[in-house]
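Structure first, then comments.
The values are calculated or read from the model by the stated rules, or taken from the named source; none is laboratory data. These numbers were taken from a predicted model, which means no experiment stands behind them. Every residue, glycine as well, gets a Cβ built from its backbone with ideal geometry; the counts of neighbours run over all protein chains shown. Just so you know, the surface numbers come from the protein's heavy atoms only, side chains and all, with ligands and any DNA or RNA stripped out. Shrake-Rupley method; radii C 1.70, N 1.55, O 1.52, S 1.80 Å.
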Amino acid sequence: MTPRPPASAGARRPPTAPFVVAFAALVMGAVVAATLPVFAGADPAYLTWSTPLLQWVPFAAVLLLHGIYRRRRRSATAPAGASWTLASATAVGLRGRGRAIARTSLLALAALVAVGVVPVLVAGAAGFIELRWADGAALAILLTLPVSLVFMIPVAGEELAWRGYLTTLLAPKGFAVTTALIAALWALWHLPLTLAYAYAGELDGRDVVSKTVDLLLAAVLVSALRYLSGSVWPAVFAHALFNNLFQMVQYNFMAPLSETSAAGYWSYMALSWAAWLVVDAVLVALVMRRTRGVLPG
């Protein structure tokens, strides 16, 4: 059965290259400007409350560029075609997709629990890291899912752009190219923030490397969720869960990585990345089997 193309497939979409370049310039400019005070000697504490605002910068950039495109379309005498709407491009619609969203969100939950927990258990058993049960760990487990649901609010500002609008815009290039381009830009967008924390002494240099690799691998998962569900919402849920679950596990069930030897640190990260690669391979196989790499409507 040939997958149904996206609802916006026949629409006159914005010119891809200029849109992506302008989007990248806007979001990178915003995050660089937000982190410059740290490099000038400011306390990075302000980033704690400003980060949720920064997470809405990608969608704000999409709104700006989409508005410019629509104004130019209205003033041009272009041939009629299907409407390229913000709602269809961001894949926020729920009608007819409730089951797919729920099913794919459960898949995301299972995948992220496996990636977050299994490497810790294996690394602990091998002696690479020190396992522990922190005070309040049981409560932390119970709160992880509710907290993740709340954190879907700021995360939506990212995903409506990355796995929403940009994924639909780049979809004609196929799953692999779309995922790779967005993953690279997404990881690059986070880099000024991790570098700022490293400059302030709150992250090790090795953490900058590991977090960047984590983002590249996580990008495959959230992209696959968009393709499998035809909706942006499983990606929003997975992103919020990824942020909270991994912090919960590392803070409550293992000694701080900052106290781990170089050999133990990189051994743990190697196990974590191996788990990511297995999960990503399974999800990519599902995408190719169910959609053949074509973004559903």
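Quick notes on this one:
- Of the DSSP H helices in the chain, those whose Cα atoms cover at least 20 Å axially and whose Kyte score averages -0.5 or more: 16-39, 57-75, 98-126, 137-159, 175-199, 205-229, 233-252, 262-291
- The chain, accessible surface, carbon-and-sulfur percent (1.4 angstrom probe): 69
- Close amide H pairs (under 5 Å, H built 1.01 Å from N) link Met254 with Arg132, residues at least 5 positions away or on another chain.
- Note on surface exposure: Met28, Met288 rank Met288, Met28 by accessible area, highest first, 1.4 Å probe.
- For the chain, leaving out every one of the GluC sites (Glu not before Pro) that falls in a DSSP loop and has at most 16 other Cβ atoms within 10 Å, the longest unbroken run is 1-129.
- With the convex hull drawn over the C-alpha atoms of the stretch 61-199, the volume per residue is 187 Å³.
- Reduced Cα scattering model of the stretch 229-285, Debye log10 I(q)/I(0), q = 0.16, 0.24 Å⁻¹: -0.67, -1.09
- Accessible area expressed per residue, the chain, with surrounding protein chains retained (probe 1.4 Å, Å²): 47
- Semi-axes of the equivalent ellipsoid of the stretch 141-297 are 28, 17, 16 Å, computed as sqrt(5λ) over the eigenvalues of the C-alpha gyration tensor in descending order.
- Calculated SAXS-style log₁₀ I(q)/I(0) at q = 0.08, 0.11, 0.16 Å⁻¹ - the chain, Debye, Cα scatterers: -0.37, -0.69, -1.37
- In this view, the solvent-accessible surface of Leu26, computed with a 1.4 Å probe and all protein chains in place, comes to about 70 Å².
- Listed residues Thr16, Thr179 arranged by accessible area, highest first, probe 1.4 Å: Thr16, Thr179
- Exposure check, 1.4 Å probe, all protein chains in place: Thr48 carries approximately 100 Å² of accessible surface.
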